[in-house]
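Here the structure comes first, spelled out in structure tokens, and everything after it is commentary.
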Amino acid sequence: QVQLVESGGGLVQPGGSLRLSCAASGIIFSMYTAGWYRQAPGKQRELVADITSGRMTKYGDSVKGRFTISRDNAKNTVYLQMNSLKPEDTAVYYCNAKRSPTPTVRGYDYWGQGTQVTVSS
């Protein structure tokens, strides 16, 4: 059974920092692209950042220079370090692990339950 369990969310003041963690089980984590998405009330889910199995990273425009994604394959964990947080970063943050399909193997796409991040004074 595949599980992605997020932790580290909470309430933080503007300008503060938080570190999210997502621990994966039931998959060969090192073979997956791992990422963080977020969804604010009334808005669509959007990519925050992802990191491939080869450690190539991609960031959403609104978080570039403030957030850093990393992974520890030995711990089956992906992290999101969030600095200089703004009220507009308030959202539920979801962990994602995905593998693209190949000619012989289907694709996979797994999600965590989400963790709330609230940036407010």
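Residue ranges 98-105, 12-19, 109-116, 29-36 sort as 29-36, 109-116, 12-19, 98-105 when ordered by packing (mean number of other C-beta atoms within 10 Å per residue, highest first). Taking label points 7 Å from Cα along the Cα-to-Cβ direction, THR68 and GLU46 give a separation of 2.3 nm. Positive end of the dipole of the chain (Cβ unit charges, origin at the Cα centre): among THR104, SER62, PRO14, the Cα lying farthest that way belongs to THR104.
Each Lys or Arg adds one and each Asp or Glu subtracts one; over the other residues with Cβ under 14 Å from the Cβ of GLY60, this totals +2. Summarising the strand pairing of the chain, around 95 percent of its internal DSSP beta bridges are antiparallel. Listed by chain and number, the lysines whose C-alpha is less than 27 Å from the C-alpha of LYS75, apart from same-chain residues fewer than 8 away, are LYS58, LYS64, LYS98. Dividing the Cα radius of gyration of segment 1-82 by its Kirkwood radius returns 0.97 for Rg/Rh.
Treating each Cα of segment 66-115 as an identical point scatterer and summing with the Debye formula, the log10 of I(q)/I(0) at q = 0.21, 0.27 Å⁻¹ comes to -0.93, -1.13. With both labels modelled 7 Å from their Cα along Cα-to-Cβ, the THR104 to ASP61 distance reads 4.2 nm.
Every number here is computed from the coordinates shown, using simple stated rules; none is lab data. Everything numeric here is computed off the predicted structure, so don't read it as measured data. Cβ: placed from backbone, ideal geometry, glycine included. Neighbour counts: every protein chain shown.
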